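The structure appears below as structure tokens.
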Amino acid sequence: MIAATNNPGKLREIREILGVNIKSLSDVGVVSDPEETGINLKDNAFIKANAVYNGSEPVFADDSGLFIKALGGEPGVNSARYAEPGHRREKVLRLLDGVEDRSAYFETVICYIDDNVHFFSGRIDGVITRENRGVNGFGYDSIFEYNGKTFAEMTDEEKNKISHRKKALEKLKEYLEGN
Ligand code: IMP
């Protein structure tokens, strides 16, 4: 299986959870950086997987985002591009200043192409904190709280047990095991 990513953290997690041999884009010498023009996670996951699929080896791609209720689902599919690097969490906290309902969820959609195109999704519900907490993780981890802890206050192991990505990967794993 080829995973349409060169992100080492993602590759490690995919290898660990699926327990199968995964090649990265650089392993197969593919330079793929398609524009993520989809209007939702599913579209973008498909765009990334389809850009790599050549009809022989299965391909995996995923797309994730943070969906905040009080912001009408933003940043959602635009999570990676919501503001300049280093300013995304501050933008969220500013927009939610004084807002009581801080519910939010992370979602991942995986697109897996073998002879067919398959989608698997995973979601985790939580709340947006009032300030950054914790030093682990990446992206919006330090402002997303689940069960009293932000993702950035959890170890990788704790987060990867419950994360949106893990849930989607588990569904893909079930599919692969049934095949
Ligand atoms: P990607 O599709 O996995 O690259 O995720 C897109 C963007 O969503 C990332 O650049 C992050 O800003 C955000 N994101 C996705 N998953 C997480 C997570 O587990 N923690 C924090 N931010 C995340």
Notebook entry, point to check: What's the center-to-center distance, using Cα atoms, between the stretch 1-65 and the stretch 131-179 in Å?
Noted result: 19
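I need the peptides 56-68, 162-174, 92-104, 35-47 ranked by packing, meaning the mean over residues of other C-beta atoms within 10 angstrom, with the highest value on top.
Details: 56-68: 21.8, 162-174: 18.5, 92-104: 13.6, 35-47: 16.8.
Result, highest mean Cβ count within 10 Å first: 56-68, 162-174, 35-47, 92-104.
At 1.4 Å probe radius, can you tell me the per residue accessible area of the stretch 2-178 in Å²?
Computed with neighbouring chains in place, this is 52 Å² per residue.
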Check: How big is D, in µm² s⁻¹, for the stretch 60-179 by Stokes-Einstein at 25 °C and 0.890 mPa s if Rh is the Kirkwood radius over C-alpha pairs?
Finding: 164
Checklist line | Among 179, 108, 50 the positive-end extreme of the charge dipole of the chain (Cβ point charges) | finding: 108
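So if I place +1 on the C-beta of Lys and Arg and -1 on the C-beta of Asp and Glu, and nothing else carries charge, what would the dipole magnitude of the stretch 2-178 be about its Cα centre? I want it in debye, nearest 20.
Numbers: 24 positive and 30 negative charges, 60 e Å.
That gives the stretch 2-178 a dipole magnitude of about 280 debye.
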Item checked: Cα-based helix-to-principal-axis angle, 164-177 vs the chain, degrees rounded to 10 -> 20
Next item on the list: Evaluate the relative contact order of the stretch 2-178 (contact order divided by residue number), counting alpha-carbon pairs under 8 angstrom at least 6 apart; express in whole percent.
Entry: 18
Notebook entry, point to check: Comparing 49, 83, 152, which has the greatest mean-square fluctuation in the GNM of the chain with Cα pairs linked when under 10 Å apart?
Noted result: 83
Next item on the list: For the chain, with a Gaussian network of springs between Cα atoms less than 10 Å apart, report the residue from 50, 78, 147 with the top mean-square fluctuation.
Entry: 147
Note to self: Mean-square fluctuation check for the chain, GNM, Cα pairs under 10 Å: which of 86, 73, 148 is largest?
What the structure shows: 86
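What pairs in 42/91; 91/166; 10/48 have C-alpha atoms more than 18 Å from each other?
Working: 42/91 25 Å; 91/166 27 Å; 10/48 15 Å.
Correct reply: 42/91; 91/166.
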Notebook entry, point to check: Given a 1.4 Å probe and every protein chain left where it sits, what share in percent of the accessible area of the stretch 27-123 is carbon and sulfur?
Noted result: 46
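The values are calculated or read from the model by the stated rules, or taken from the named source; none is laboratory data. Quantities reported herein were computed from a predicted structural model and do not represent experimental measurements. With ideal geometry, Cβ positions are generated from the backbone for all residues, glycine too; neighbour counts draw on all protein chains shown. Ligands, DNA and RNA are excluded from the accessible area calculation, which covers all protein heavy atoms including side chains. Shrake-Rupley method; radii C 1.70, N 1.55, O 1.52, S 1.80 Å.
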